[in-house]
1. In the stretch 28-58, what residues are under 12 Å from residue 268 (Cα atoms) and assigned to a loop (DSSP other than H, G, I, E, B)?
2. Are any residues in the stretch 273-311 in contact (Cβ under 8 Å) with a residue 40 or more places away in the chain, assigned to a strand (DSSP E or B) and farther than 30 Å from residue 224 by Cα, and if so, which ones?
3. Quick one: in the stretch 102-122, of everything that is under 31 Å from the mean Cα position of the chain (by Cα) and more than 15 Å from residue 207 (Cα to Cα), which residue is surrounded by the most Cβ atoms within 10 Å (Cβ to Cβ)?
4. Testing residue 337 on (1) among the charged types (D, E, K, R); (2) at pLDDT 95 or above; (3) under 20 Å from residue 377 (Cβ atoms), one condition comes back false. Which one is that?
5. Could you pull out the residue among 242, 204 that is within 23 Å of residue 121 (Cβ to Cβ), in the same structural domain as residue 42 (by TED's automatic domain parsing) and in contact with a Cys (Cβ under 9 Å, 6 or more places away or on another chain)?
6. Would you call residue 353 farther than 24 Å from residue 292 by Cβ and of a type in the set (A, V, I, L, M)?
7. Could you look through the stretch 196-238, keep only residues that are closer than 29 Å to residue 276 by Cα and free of Cβ contacts under 8 Å to residues at least 12 places away in the same chain, and pick out the one that is nearest to the chain's Cα centre (by Cα)?
8. Pairs only if they're at least six apart or on different chains, beta carbon under 9 angstrom, first in the stretch 146-165 and in the same structural domain as residue 70 (by TED's automatic domain parsing) and free of Cβ contacts under 8 Å to residues at least 40 places away in the same chain, second surrounded by fewer than 17 Cβ atoms within 10 Å (Cβ to Cβ) and of a type in the set (Lys, Arg); list them, first residue then second.
Amino acid sequence: MKKIFSFILTLLITFLPVFNINNLSFADSEPNLTAEYAVLMDYETGQVLYSKNGYNKLYPASTTKAWTAYVVLKHVSDLNQVVEIKDLPIVDGSSMYLKEGEAFTVKELLDALLIHSSNDVAMVLAKYVGGSVENFVNMMNNEAKAIGAKNTHFNNPHGLPDENHYTTAYDMALMARKAMDNDIFRDIVKTKSVKYPATEAYPYERYFENTNQFLTSRSKMDYKGQQIDIKYDVVDGIKTGYTDAAGKCLLSTGIKNNIRVISAVFKSTVNDLYLDSRTLLDYGFDNFYVETIVDKNEFIKDKKVFLSKEKKLTYQPETNYSVVLPNNSKADDYSIKTKLDNVKLPINKGDKVGTLEVYKNNKLEKSIDLVAKNDVTSVFSSLAKNKFLYNVLKVLLLIAILIFIVLFIRKGKKRNKKKNKQDYERKNRKQEQYVNLEKKTGHKKRNASIAFNTFYL
């Protein structure tokens, strides 16, 4: 009986946690989304933290305009340039209601593009920057390919339905991350509203509120069994989108718990778009952290450089390197190794002088260029700039060479004289030895002859 009881008790201890619902950790479970496509990306590292059909083809709708704005910002240095509105294209959808004869700066048009999602503005900017809409679209595609968005093809600058206008959730997250590197873009997409004074062609003030409800909504939604505000203070961008073919779309970014993430949600519903996006954002905030493996400002080293004016080379990694880890893990399996190149003077500030290798479990994961923080020049190069000192140095060097030659010749003569003397002495010794031997041999022969003659007498 005791054995049976013990067996039952063991089973209970073993399997009880499985049936104890209160012990389940829903925080660590992956998000359950209505959207057909979604990606959550860490902003700092570009690491994908969650994906649902993230690499499948989809229609981006007006999220396209995030990349339109990026291309404009990259190719227009002065945003105060004035664009005259003429030859307006006919385009459906949201509009700034531009009129012939109006004029706006590039910055004002970018505001309307990103805040109000104006399709007419997208066409005007495309023509202004690219010379033609077609050429601008080619620029968009080239820039996308350059950052690794290889499954994207744009066919217009606004995102209205087109079979040849497609992307993936991953590619859009990648492009959103790149666009957020631009400070002007970042400032615009977090702006809650914008207004334009009346013009002669349009005698009414234009006021537009940001289409991103994370920034502006005064409504609530059901989130984890509670009614909460749709407006989410940690969110600071970036772009909405909608067509019948694309469904409800939203690119979002925010920072919380020292981690910034980007969510890309596509083909969701009216009721679930912000729920899906909030769920995805919070999943990143609550379950991951960023660990800096290489901090370039803390990894500054010196190397002595012989015969240099500066005496040493100061160098550091060109970039930081960070990884995203689950909250319950540590970066103990990372190590770094420094490899410096052979020093060849001169070295200019910013030159590559070596490589910093990052290893995970003894496997190379990342190589970072080591760059010079200072100029390093030869002592001789500084002297060359001073003509007087340079000429003096040349004279001294010439004298040193002449002295060396003279000493070399004198040493050679001494060596030859010594050799001749040694040869002479060695010859004399051999001659003396020969004479002595001859004398000795001749004496023996003479004694032998006398003895022979005496024997026969």
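1. 33, 34, 35, 36 - these are the residues of the stretch 28-58 that are under 12 Å from residue 268 (Cα atoms) and assigned to a loop (DSSP other than H, G, I, E, B).
2. Matches in the stretch 273-311: 293, 294, 303, 308.
3. If we take residues in the stretch 102-122 being under 31 Å from the mean Cα position of the chain (by Cα) and more than 15 Å from residue 207 (Cα to Cα), then 122 is surrounded by the most Cβ atoms within 10 Å (Cβ to Cβ).
4. (3)
5. On the way: 204 fails: in contact with a Cys (Cβ under 9 Å, 6 or more places away or on another chain).
Step by step, each of 242, 204 is checked, and only 242 is within 23 Å of residue 121 (Cβ to Cβ), in the same structural domain as residue 42 (by TED's automatic domain parsing) and in contact with a Cys (Cβ under 9 Å, 6 or more places away or on another chain).
6. Details: farther than 24 Å from residue 292 by Cβ: no; of a type in the set (A, V, I, L, M): yes.
No: the conditions fail for residue 353.
7. 233
8. Close Cβ pairs (under 9 Å, with a partner that is surrounded by fewer than 17 Cβ atoms within 10 Å (Cβ to Cβ) and of a type in the set (Lys, Arg)) amount to 152/145.
The values are calculated or read from the model by the stated rules, or taken from the named source; none is laboratory data. A quick note: this is a predicted structure, and the numbers were derived from the prediction, not measured. A quick note on method: Cβ atoms are made from the backbone with ideal geometry, for glycine too, and the neighbour counts reach across all protein chains shown.
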